[in-house]
Amino acid sequence: MNTPEFRVFGTAQAVASAVAQHIAGAVQANPAATLGLATGKTFISIYAELIALYRQGGLSFAEVESFNLDEYIGLPAGHPASFRSYMEEHLFSQIDLPAQSGHLPGVEGDIEQACRDYEAAIAARGGIDLQLLGIGQNGHIGFNEPGSPFDSHTRIVDLTPSTIAANTSDFPEGEVPPPQAVTMGVGTIMQAKEIVLVAIGANKAEALDKAFRAEPSLDCPASALHNHPHVIVYCDEAAMGGK
Ligand code: GLP
């Protein structure tokens, strides 16, 4: 097992700023980097900081390609809670990433074929250089819920009631998340060259603890990261259990 490097900050804002600098540094070092991007509340302030760095100059996404972790199945195109809408709003529309370079898993038509195509597109780029991850309160990464095989790839998954409940606040009043999504697999994530996992807030403390202080277990998908050689965890003190 490998022990990830923890970078702990006093505030959520300090975490966001440090993660944005990490992403910017990776793109400056490799302007044609392939990024694995995440959604969720955690990344809103990170992307805001990244946009601020972009506006300062000296940072371009013109040669970058990005692959998001996941997308809901069954939302109408342009639905405000789709991860495509999230990415357009919080990042893509505000940087120079070419429109065709920001990929999300396909959730229309033959979805199983789209999953295979997604894996092939990542492989054609030579794999993901930097994968960003949040963590669910149940230890999920992407939408790999507990029980997800550690060698799983991009596929259709059922969301757990707790994930649906946790994400309901992202939806317009009176709507709930769909029951299914497409997600990169744990195995897809594990193939990334470098992984940055971000956890903010006391409600992530238990998942973080289970992910990195216990033996890897299918009950906690994030614990697969123990077997990855280059993981950095950015978190605040609350996510560390207030220690
Ligand atoms: C979502 C996403 C994950 C994300 C997690 C935590 O459902 N599929 O990629 O990391 O849940 O989200 P948040 O940052 O909103 O807590």
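A few comments on the model shown:
- For region 178-198, the criterion of being of a type in the set (D, E, K, R), within 13 Å of the ligand (Cβ to nearest atom), at pLDDT 95 or above and closer than 24 Å to Asp236 by Cα is satisfied by no residue at all.
- Checking Gly127 against (1) out of contact with any Lys or Arg (no Cβ under 7 Å at 6 or more places or on another chain); (2) surrounded by fewer than 20 Cβ atoms within 10 Å (Cβ to Cβ), the condition it does not meet: (1)
- For region 120-135, a residue qualifies if it is out of contact with any Ser or Thr (no Cβ under 6 Å at 6 or more places or on another chain), in a loop (DSSP other than H, G, I, E, B) and not hydrophobic (A, V, I, L, M, F, W, C), and the qualifying residues are Gly126, Gly127.
- Candidates in region 78-96 are the residues that are part of a loop (DSSP other than H, G, I, E, B) and farther than 18 Å from Ile156 by Cα; of these, the one that is nearest to the chain's Cα centre (by Cα) is Leu91.
- For region 58-78, the condition of being within 16 Å of the ligand (Cβ to nearest atom), out of contact with any helix residue (DSSP H, G or I) (no Cβ under 7 Å at 6 or more places or on another chain) and either without any contact (Cβ under 8 Å) to a residue 60 or more places away in the chain or more than 21 Å from Ile189 (Cβ to Cβ) (or both) holds for at least one residue.
- Strands (runs of 3 or more DSSP E) within region 138-216 that include 2 or more residues more than 23 Å from His22 (Cβ to Cβ) and among the aliphatic types (A, V, I, L, M): 155-158, 180-183
- Qualifying residue in region 201-222 (condition: surrounded by fewer than 23 Cβ atoms within 10 Å (Cβ to Cβ), away from the ligand (no atom under 13 Å from the Cβ) and within 22 Å of Tyr118 (Cα to Cα)): no
- Members of region 20-51 found to be of a type in the set (A, V, I, L, M, F, W, C) and more than 12 Å from the ligand (Cβ to nearest atom), listed by number: Ala20, Ile23, Ala24, Ala26, Val27, Ala29, Ala32, Ala33, Leu35, Ala48, Leu50, Ile51
The values are calculated or read from the model by the stated rules, or taken from the named source; none is laboratory data. As the structure is a computational prediction, the values presented were derived from the model and not from experiment. Using ideal geometry, Cβ is built from the backbone for each residue, glycine included, and neighbour counts are taken over all protein chains shown.
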